[in-house]
Amino acid sequence: MRMPAAVLRATSTERPYGASRPVEIEEVELGDPREGEVRVRIAAASLCHSDLSVVNGDRVRPLPMVLGHEAVGVVEETGSGVRDVEAGDHVALVFVPSCGRCARCGEGRPALCAAAAEANGSGGLLHGPSLLRGSGGELIHHQLGVSAFARYAVVAQESVVKIPQDVPFSVASMFGCAVLTGAGAVINTAGVRPGQSVAVHGLGGVGLSAVLGARAAGAWPIVAVDPSPAKRELALRLGASHVFAPEDASAVADVTGGGAEFAVEAVGSPQVMAGCLQSVARGGTVVSVGLPAPGRTLEVPALAFAGEGKSLIGSYMGDAVPRRDIPRYLGLWRAGQMPVDQMHTGTVPLSGLNTAMEDLASGAAIRQIIDTSADV
Ligand SMILES: [Zn+2]
Ligand SMILES: [Zn+2]
């Protein structure tokens, strides 16, 4: 089928994105679902910082590519061999289509699936090459097995998680990436227990979701750090107990009794990572969630580990098991304990994507829903 989609043909760092327009809305061809695949009508897609990282080249991906990986939709058609979902089901899309058969999947860490990493790195799908073509018939890649800034996506059945039909699409869209990654970093990777102290550095969608995860885990205090006063204010509403600007590092130590037991680094900055390792309590753990640009290196005091019992650990997609975690987090949202709705800062049509990217990059927006059904 032919449909409008947001295509990135070359990386760009020229700002503002609203004027430089690195992404064009083009008519593209989307093939039919093959064995093990489903076609999903995209109901809401939200714009995530890792979309920007593909645009500016921090995340190196094969181009051209249809962007968008944090989304929800309705299953319209299933290929042969699809058993878990059927037409009419509401689904959240997840950006790691775990195979269920590799060593990492076998040990219960599907976020690190080898087959998914290979498919995502090549810009194809888990069960075959890309189904997207440009107007000249040229191959266009999928982003993370999804490509949701389009009216439809064909994805592996392993890329969808069925969700209840009464959850608003604008809410559900944030669960497949931001919430899974941020809350999972605290709950799954760090394993925070009630009463332990957590400091979250960087309050984008993932960092704010880490605040939500810390609240759900019963952490105290929950300290949120960001240069933006508006984001600090939002963190307070989401459950942070204290908020500070990055220059107030000593205040973080004061409210945590000398240093947090866990620091979540959601900026993707080696300097912030090093600062977190220095500031956590003896025996404390730094969880690296933000994605630094490739080639960046980290220099830290080597004695911090054996000498002070500190740890630095990485968390990809919040070490999530999506079919376990998304229903749990939706349950917490339903109970009022994970108010992700407050991260929603606007809805824009597909034609407004470049401006929306600028608003995300500048910090003016947190999570914007891209309405791919609107006319372009
Ligand atoms: Zn994302
Ligand atoms: Zn696997």
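Quick notes on this one:
- Matching entry among 295, 314, 259, 275 (being of a type in the set (Gly, Ala, Ser) and farther than 26 Å from residue 363 by Cα): 259
- Among the residues here, residue 36 qualifies as crowded, with 16+ Cβ neighbours inside 10 Å and within 16 Å of ligand 2 (Cβ to nearest atom).
- Some residue of region 73-83 being more than 15 Å from ligand 2 (Cβ to nearest atom), of a type outside the set (A, V, I, L, M), under 23 Å from residue 361 (Cβ atoms) and in contact with a strand residue (DSSP E or B) (Cβ under 7 Å, 6 or more places away or on another chain): no
- Selected residue (only one of 72, 55 is within 15 Å of ligand 1 (Cβ to nearest atom) and either farther than 19 Å from residue 330 by Cβ or open to solvent by 30 Å² or more (accessible area, probe 1.4 Å) (or both)): 55
- Scope region 110-125; condition within 9 Å of ligand 2 (Cβ to nearest atom), open to solvent by 40 Å² or more (accessible area, probe 1.4 Å) and in contact (Cβ under 8 Å) with a residue 60 or more places away in the chain; matching residues: 112
- Condition met for residue 50 (hydroxyl-bearing (Ser, Thr, Tyr) and surrounded by 16 or more Cβ atoms within 10 Å (Cβ to Cβ)): yes
- Any hit, region 150-166, residues being among the small types (Gly, Ala, Ser) and open to solvent by 20 Å² or more (accessible area, probe 1.4 Å): no
- Residue satisfying condition, being in contact with an Asp or Glu (Cβ under 8 Å, 6 or more places away or on another chain) and touching a residue at least 40 places away in the same chain (Cβ under 8 Å), within set 2, 39, 21: 39
- Condition met for residue 130 (farther than 27 Å from residue 4 by Cβ, open to solvent by less than 40 Å² (accessible area, probe 1.4 Å) and either in a loop (DSSP other than H, G, I, E, B) or away from ligand 2 (no atom under 16 Å from the Cβ) (or both)): no
The values are calculated or read from the model by the stated rules, or taken from the named source; none is laboratory data. Everything numeric here is computed off the predicted structure, so don't read it as measured data. Cβ sites come from the backbone with ideal geometry, for glycine too, and all protein chains shown count toward neighbours. Protein only, heavy atoms only, side chains kept; ligands, DNA and RNA dropped before computing areas. Shrake-Rupley method; radii C 1.70, N 1.55, O 1.52, S 1.80 Å.
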